[in-house]
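A.B. asks: Quick one: this structure, given as structure tokens, is what I'll be asking you about.
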Amino acid sequence: MNNEFEKIKCLIIGSGPAGYTAAIYAARADLKPVVYQGLQPGGQLTITTEVDNFPGYPEGITGPEMMNQLKAQAERFGTEARWGIVTSVDFSERPFKVFADDGKKILADTVIIATGASAKWLGLESEKKYNGQGVSACATCDGFFYRGKDVAIVGGGDTAAEEATYLAKLCKKVYMIVRRDELRASKAMQEKVFNTPNIEMLWNHTTKEILGDFSGVNAVLLTNVKTAEDKKIDIHGFFVAIGHNPNTDIFKGQIELDDMDYIKTIPGSTKTSIEGVFAAGDVQDHHYRQAITAAGSGCMAAIEAERFLSSK
């Protein structure tokens, strides 16, 4: 039976900044890592145009270009990056059994999970059309491009409130589009929003359509849920802050998740509830969600995997 299985010292599932950084460190430690790149090779950054907040790029860099560079760096040290997705895992005993959509069956001594999280979207065609051209799901990543301009943000929770106040420091005006007549955000965050003079609340509104032209977004059409009246506001940036879903479906029942389905790690480490399985990046971090913090945790995961293997 075991003849069918390929033996791998360090398997990395996912290929954003966390996965590729883990691969760079694991390859340099001679763990001969194999990376399954997943449905979106390069992760969320591949749908971001400019990345201006990653250290070492004074002129900025595009998301796809940066991910290609990280991948090339990992491959330079002997990482094998594979197309395809992992479809199921069995963490009940070591080595761990992992199955991929290319038909490969793997026995892995260690696994680093770096499958990330996916932003929740409204589901509008125009949202897809202008993604990266005025539509964004990350104010801290993209807010800088809208300095001195009017923008809108949709959402009513802590993330939306936090991102609205962040945008308010950069932008002329921030419209906050909220479906209900109150925010779900914590009282402290609500106070921050209400005390920021350039945030205008648009209560009881939903987004009907994002409008724009060849240069990107220039307006948004809203509907009042109580009166059914439509209202158009002129904006240059449209931010969606209705939450993220961690990409953990295949790990349910195999590993401990928190109440939001993010992988639980031991504080100060990337260790999970299963010895020899580590988690890095947004799949275990719903707080920072930045490329640089994901990369840092990828480095931690590889070092911990290497130490784990040395101790066995």
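A short reminder: the numbers here are calculations on the coordinates, not readings from a lab. As the structure is a computational prediction, the values presented were derived from the model and not from experiment. Neighbour counts run over all protein chains shown; Cβ positions are idealised from the backbone, glycine included.
A.B. asks: List Cys299, Cys141 from most exposed to least, where exposure is judged by having the fewest other Cβ atoms within 10 Å.
C.D. replies: Cys299, Cys141
A.B. asks: Can I ask one more? Over segment 163-211, what is the relative contact order in whole percent, taking alpha-carbon pairs under 8 Å and six or more residues apart?
C.D. replies: 49 percent
A.B. asks: Then there is this: Taking the beta-carbon count within 10 Å as an exposure proxy, list Lys9, Lys312, Lys208 from fewest neighbours to most.
C.D. replies: The order, fewest Cβ neighbours first, is Lys312, Lys208, Lys9.
A.B. asks: Of all beta bridges DSSP finds with both residues in the chain, what is the antiparallel percent, to the nearest 5?
C.D. replies: 45 percent
A.B. asks: Between Lys105 and Lys149, what is the spin-label point distance in nm, taking each point 7 Å from the Cα along the Cα→C-beta axis?
C.D. replies: 5.3 nm
A.B. asks: Here's a follow-up. Looking only at Ile199, Ile233, Ile24, which one moves most when the chain is put into a Gaussian network model with springs between Cα atoms under 10 Å?
C.D. replies: For the chain, modelled as a Gaussian network with Cα springs under 10 Å, the answer is Ile233.
A.B. asks: Considering only Cα-Cα distances, which of the following residue pairs are longer than 20 Å: Lys128/Lys252; Lys149/Lys232; Lys97/Lys312; Lys32/Lys104; Lys172/Lys208; Lys71/Lys271?
C.D. replies: Lys128/Lys252; Lys172/Lys208; Lys71/Lys271
A.B. asks: Further, regarding this structure: May I ask you to derive the relative contact order of segment 121-240, considering only C-alpha pairs under 8 Å and at least 6 residues apart, and to give it as an integer percent?
C.D. replies: Value for segment 121-240: 31 percent.
A.B. asks: Where in segment 38-70 does the amide nitrogen come within less than 16 Å of the point 7 Å from the Cα of Glu80, taken along Cα to Cβ?
C.D. replies: Correct set: 38.
A.B. asks: Same structure, new question: Under the rule that a partner needs its Cβ under 4.7 Å from the first Cβ, which Cys of the chain have none?
C.D. replies: Cys10, Cys171, Cys299
A.B. asks: In addition: Extension gain Ile292-Asp259, at 0.36 nm per residue separation less the Cα-Cα distance, in nm?
C.D. replies: 9.4 nm
A.B. asks: Hey, with R₀ at 51 Å, roughly what FRET efficiency would Ile266 and Asn218 work out to, going by the Cβ-Cβ distance, to 0.05?
C.D. replies: According to the calculation, E is roughly 0.60.
A.B. asks: Right, next: If you find the alpha carbon centre of segment 280-312 and of segment 196-238, how far apart are they in angstrom?
C.D. replies: Between the Cα centres of segment 280-312 and segment 196-238 lies a distance of 39 Å.
A.B. asks: Pop out the Kirkwood hydrodynamic radius of the chain from its pairwise C-alpha distances, inverse of mean 1/r, in Å to one decimal.
C.D. replies: Here the Kirkwood hydrodynamic radius works out to 20.6 Å.
A.B. asks: Calculate for the chain the 222 nm mean residue ellipticity that helices alone would give, adding -39,500 (n - 2.57) per DSSP H run of length 4 or more and normalising by residue count, nearest 500 deg cm²/dmol.
C.D. replies: -7500 deg cm²/dmol
A.B. asks: Taking every pair of alpha-carbon atoms in segment 121-240, give the share separated by more than 17 Å as a whole percent.
C.D. replies: Roughly 51 percent, rounded to a whole number.
A.B. asks: Further, regarding this structure: What list of ³J(HN,Hα) values in whole Hz, one per residue of segment 80-91 in order, does the Karplus curve 6.51 cos²θ - 1.76 cosθ + 1.60 (θ = phi - 60°) give from phi, with Gly and Pro shown as x?
C.D. replies: 9, 9, 10, 6, x, 10, 7, 9, 7, 9, 10, 9
A.B. asks: Ok, one more. Going through segment 263-312, which GluC sites (Glu not before Pro) have at most 13 other Cβ atoms within 10 Å and a DSSP loop state?
C.D. replies: Those that pass, being in a loop and sparsely packed, are Glu275.
A.B. asks: Here is a follow-up. Rank Gly78, Gly296, Gly56 by mean-square fluctuation in a GNM of the chain with C-alpha springs under 10 angstrom and give only the top-ranked residue.
C.D. replies: Gly56
A.B. asks: Also: Given the options Tyr36, Thr159, Pro267, identify the residue whose Cα lies farthest towards the positive end of the charge dipole of the chain (+1 on Cβ of Lys, Arg; -1 on Cβ of Asp, Glu).
C.D. replies: Checked the options; the winner is Pro267.
A.B. asks: Excluding the sites themselves, what is the longest stretch of the chain that contains no chymotrypsin sites (Phe, Trp or Tyr not before Pro) in a DSSP loop with at most 15 other C-beta atoms within 10 Å?
C.D. replies: With a cap of 15 other Cβ atoms within 10 Å, the longest stretch comes to 122-213.
A.B. asks: Of the residues Pro246, Pro197, Pro64, which exhibits the maximal mean-square fluctuation in a Gaussian network model of the chain defined by a 10 Å Cα contact cut-off?
C.D. replies: Taking springs between Cα atoms under 10 Å, the residue moving most is Pro197.
A.B. asks: Now, a different point. Could you put Thr272, Thr62 in order, starting from the residue whose Cβ has the fewest other Cβ atoms within 10 Å?
C.D. replies: By the 10 Å Cβ count, ascending: Thr62, Thr272.
A.B. asks: Another question, then. Which residues does the label zone of Lys120 cover in segment 234-260, counting backbone N under 17 Å from a point 7 Å along Cα→Cβ?
C.D. replies: What the label zone holds, given the 17 Å backbone N cut-off, is 239-249, 258-260.
A.B. asks: Place a +1 charge on the Cβ of each Lys and Arg in segment 121-240 and a -1 charge on the Cβ of each Asp and Glu, then give the dipole magnitude about the Cα centre in debye, rounded to the nearest 20.
C.D. replies: For segment 121-240, the charge dipole is close to 140 debye.
A.B. asks: Return the FRET efficiency for the residue pair Gln190, Gln133: r is the Cβ-Cβ distance, R0 is 22 Å, and the value is rounded to the nearest 0.05.
C.D. replies: Efficiency computed from Cβ-Cβ geometry: 0.10.
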